[in-house]
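Some notes on the structure that comes next.
The values are calculated or read from the model by the stated rules, or taken from the named source; none is laboratory data. Computed from a prediction, not measured in an experiment: that's the story for all the values here. For neighbour counting, all protein chains shown are included, and Cβ atoms are generated from backbone atoms with ideal geometry for every residue, glycine included.
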């Protein structure tokens, strides 16, 4: 198990702020969480998260995020993020390329980035 990267932490904190009613239990989980596995898929990345059993559960949707994005050095269109929850716990952070470019050559543990929010466009 390993520590979170700066990019993962910035994305998670931004996602938590999208759901203020869930921020407290999610932050408490993050304090005791580690990354079990990290994969750069070429189309983005997947970080599997492990949370200790004593952390409080959050009553939340299965997927959080959608508004959190990042400008990434080396990617013209950047990344978008979603956080998958499992049984009220942090489970999987997905960072996905927002364009047709590959993340395969990027060191996502050391890349320069800027996280920002972009409101979701809802169909009317």
Exercise for the section: Go through 34, 48, 68 for me and flag whichever is buried (at least 20 other Cβ atoms within 10 Å of the Cβ) and either modelled with pLDDT of 95 or more or in contact with a strand residue (DSSP E or B) (Cβ under 6 Å, 6 or more places away or on another chain) (or both). Expected result: 68
Problem - Count of residues meeting criterion [under 16 Å from the mean Cα position of the chain (by Cα) and over 15 Å from residue 7 (Cα atoms)] in region 48-64 - result: 7
Completion exercise
Selection from region 99-124 of residues surrounded by fewer than 17 Cβ atoms within 10 Å (Cβ to Cβ) and in contact with a strand residue (DSSP E or B) (Cβ under 7 Å, 6 or more places away or on another chain) yields 99, 104, 114, 116, 117, 118, 119, 120
Fill in the blank from the handout: For residue 56, the lone unmet condition from (1) at pLDDT below 95; (2) under 18 Å from residue 16 (Cβ atoms); (3) surrounded by 15 or more Cβ atoms within 10 Å (Cβ to Cβ) is (3)
Practice task
Please determine, by comparing only the residues of region 86-98 that are free of Cβ contacts under 8 Å to residues at least 60 places away in the same chain and in contact with a strand residue (DSSP E or B) (Cβ under 6 Å, 6 or more places away or on another chain), which one is farthest from residue 32 (Cα to Cα).
Solution key: 98
Exercise for the section: Among the residues of region 65-104, count how many are farther than 23 Å from residue 3 by Cα and touching a helix residue (DSSP H, G or I) at 6+ places or on another chain (Cβ under 9 Å). Expected result: 2
Practice task
Considering only region 8-74, give the strands (runs of 3 or more DSSP E) lying wholly within it that have at least 2 residues that are free of Cβ contacts under 8 Å to residues at least 24 places away in the same chain and more than 25 Å from residue 108 (Cα to Cα).
Solution key: none
